[in-house]
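Report on the following structure.
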Amino acid sequence: MVHMFLNGGAMRGGPLHDKLCGAPLVAETRSAPEYRFYSVGDRFPAMDPTDDHGHAVVGEVYDVSLDVLHDSLLPAEPEELELGVIRLADGQPCLAMVLRRNLRGHPSLTDISDLGSWNNYQEITS
């Protein structure tokens, strides 16, 4: 089992939540304030580590088996994201999906770091 930080569609109530196959919620939390947070074409969020003006991102941590991660959750993730390790607000490392480095500065990215939450962004844009 591994801890996985989720900040988009796989969170409770999201369209990908079923991909967790019943994995238990460990915590509602935030990342450390070390990330830029983007909307990718208004389709999904993406975190990107930064050393400059980082923000915390709202999310949920789940205890996910490697089988569920490999067979269900990762195949549902967009190709613009890759598996990485982030730091949570309490300083602990955690798996998460992050923006692929080659997409930094891509025109499809809208910086939503000041909101820090995919749900807040969706409420504003809907």
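All of the numbers you see were taken from the coordinates with simple rules; none came from a lab. Since the model is a prediction, treat every value here as computed from it, not as a measurement. Note that we place each Cβ from the backbone using ideal geometry, even for glycine, and neighbour counts take in every protein chain shown.
Computed over the chain, the P(r) curve from all C-alpha pair distances, binned at 5 Å from the origin, holds 2, 11, 24, 26, 21, 12, 4, 0 percent per bin. When the helices of the chain are scored as -39500 (n - 2.57) per DSSP H run of n ≥ 4 and the total is divided over every residue, the value at 222 nm lands at -1500 deg cm²/dmol. About the centre of its Cα atoms, region 2-111 shows a dipole size close to 120 debye [charges on the beta carbon of Lys, Arg (+1) and Asp, Glu (-1) only; nearest 20 debye].
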